[in-house]
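I have placed the structure first, in the form of structure tokens, so that the comments after it can refer back to it.
Read-outs throughout are calculated quantities, based only on the coordinates presented, and are distinct from any laboratory measurement. Because the structure is predicted, anything quoted here is derived from the model rather than measured. Backbone-built Cβ (ideal geometry, glycine too); neighbour counts: all protein chains shown.
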Amino acid sequence: MLQISSALPPQNLNLFQAGRNSFKCKQSSPLIRCSSSSLLTSQSVKPVSYELNKQHLANLEKLLPKKSLEPNQADSLPVGPVPKVSGNGSWVNRGRALLEGLNVPRVWPERKAAEEMSPRHMNRLQRLLSKTPEYSPRNNLGSRWREYHGCNDWLGLLDPLDENLRRELVRYGEFVQAAYHSFHSNPALSAEEPPLPHPVALPDRSYKVTKSLYATSSVGLPKWVDDFAPDLSWMTQRSSWMGYVAVCDDRHEIQRMGRRDIVIALRGTSTCLEWAENMRAQLVEYPQDCCDKETEPDQGQSKVECGFLSLYKTRGVQVPSLAESVEEEVKRLVELYKGEPLSITVTGHSLGAALAILVGDELSTCSPSMPPIAVFSFGGPRVGNRGFANQINENNNVKVLRIVNNQDVITRVPGLPMMEGFDDNITPLAYTHVGTELLVDSKMSPYLKPNADVACCHDLEAYLHLVDGYLASNCPFRANAKRSLLKLVNEQRSNVKQLYTNKAKALSLNLERQGLANSCCLPSPS
């Protein structure tokens with residue numbers, strides 16, 4: 001039987017020396033050295049040197065459990081005298097009891113975000129690379145929905161980024177991803193027959209698609225181009241499926257958001273003629289068919305990019321113009337749900353972001369009873385001149401939030417940066433951005449290479465990755481980012497740091513062995 005006759009505080013280092021002399025064993029231990037006497041009854045404790053104490057503590061660390069204690073667990077540990085050990089147990093059990101009595105909890109210090117996202121924490125990386133993403137919490141927006149919808153230009157919500165607004169931005173970006181996925185799954189459109197309903201796999205099941213939207217170019221390519229590559233004729237078709245209108249019809253989601261939401265989602269450039277329209281950078285007068293309000297003299301003439309206006313206003317052979325389709329469907333839904341709290345959210349990426357601004361501006365003037373409109377623009381180019389920007393900025397019924405990657409060159413065209421805000425009478429490329437800006441930076445991501453190429457910096461999935469990780473302008477990538485990395489690695493493998501591509505490859509092989517798909521999420525374009 002082993003007894004410790006004295007009870008001393010855990011911080012007394014001499015206790016360990018006394019305990020060391022109280023053991024009798026046949027083999028040496030890195031912690032306990034054998035003594036010639038079997039028991040220590042009432043011997044006085046001799047002082048030990050600093051170096052010996054240091055050695056004992058080093059040996060003690062080797063035997064402590066590797067699993068670190070959480071701070072709240074460490075606070076709850078009992079602090080008191082060393083418990084007595086009795087019984088005929090082995091020296092291992094006795095030593096364990098003695099170590100518990102010493103009460104030397106190791107509490108990890110709070111780690112910085114950059115350290116927590118470092119390669120050492122592979123268990124966190126395993127979750128971020130898993131096929132099932134975790135989302136930020138969907139909190140109840142309730143009476144604050146107008147604030148998140150931009151009634152105060154998102155004042156106080158952007159720096160630091162409000163967690164509810166972050167979740168809403170990512171959610172609306174996924175509506176645009178669904179538009180990309182739907183178009184690329186069936187891009188061809190017949191010029192002789194009316195289009196069939198276009199299936200869309202919405203990321204949010206509480207919404208339902210009510211209308212398909214088409215954009216038509218006012219220019220065309222020679223017929224020999226289609227004859228040369230008949231399998232790619234959709235790249236040269238004048239009319240293409242551009243997006244959709246959806247409305248929330250789930251009562252629980254309506255209650256959470258505080259209103260019934262109408263979403264208009266528009267994809268970015270995908271066909272040759274859409275690229276050709278993007279290059280038509282001259283400013284042209286912006287007609288406002290729905291608005292009887294005349295432009296104020298001090299605002300200047302409202303002008304927009306010629307190619308954007310062409311895709312927005314041009315009718316197709318079998319499809320109406322994008323402007324006509326949106327106006328007709330939104331008016332129908334507003335009348336259908338008359339008497340309910342309603343909101344209109346227009347969201348788009350790249351070319352779709354430019355068209356979303358045109359949609360939001362025109363809808364806001366079509367009816368005095370039009371619900372409040374918010375435009376969430378991802379990687380959008382400049383759309384018009386200073387007169388157009390002033391017209392939107394002074395319109396209280398439409399608010400624009402532009403999410404911009406600081407490394408994305410598309411957000412700095414058309415026009416020249418040094419000419420922004422100038423009068424278009426001085427230069428034909430005097431473009432000006434509209435609305436409020438949320439600036440993110442791909443260099444802040446611990447996963448992307450600092451020299452990521454143009455395609456990565458403009459990619460929609462990269463945008464959602466950066467928004468999900470954004471905390472504030474003066475803070476690094478947040479440590480508790482939720483969005484899965486698997487899509488980003490799959491689509492931008494050359495721009496992701498080598499460590500994570502290797503880990504993703506190993507994880508994918510493991511999922512394949514288990515018969516699981518790599519990703520159940522919608523792909524975004526490169």
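Here are a few things to note about the model shown:
- The residues neighbouring Arg280, those whose beta-carbon lies less than 12 Å from its own, together hold a net charge of -3 under the Lys/Arg +1, Asp/Glu -1 convention.
- Shape of region 288-412, Cα gyration tensor, a/c cut at 1.5: rounded
- Rounded to 0.05, the FRET efficiency of the Glu437 and Ser190 pair, given R0 = 41 Å and the Cβ-Cβ distance, is 0.50.
- Once the C-beta distance of Asn393 and Gln301 is scaled by a Förster radius of 25 Å, the resulting FRET efficiency is 0.95 to the nearest 0.05.
- From the alpha carbon centroid of region 318-346 to that of region 185-209 is 17 Å.
- Applying the Karplus relation 6.51 cos²θ - 1.76 cosθ + 1.60 with θ = phi - 60° to region 382-387 yields 3J(HN,Hα) values of 5, 10, x, 8, 5, x Hz, where x marks Gly and Pro.
- As a rough guide to protection, the peptides 308-314, 441-447, 458-464, 333-339 ranked by mean Cβ packing within 10 Å, highest first, stand as 458-464, 308-314, 441-447, 333-339.
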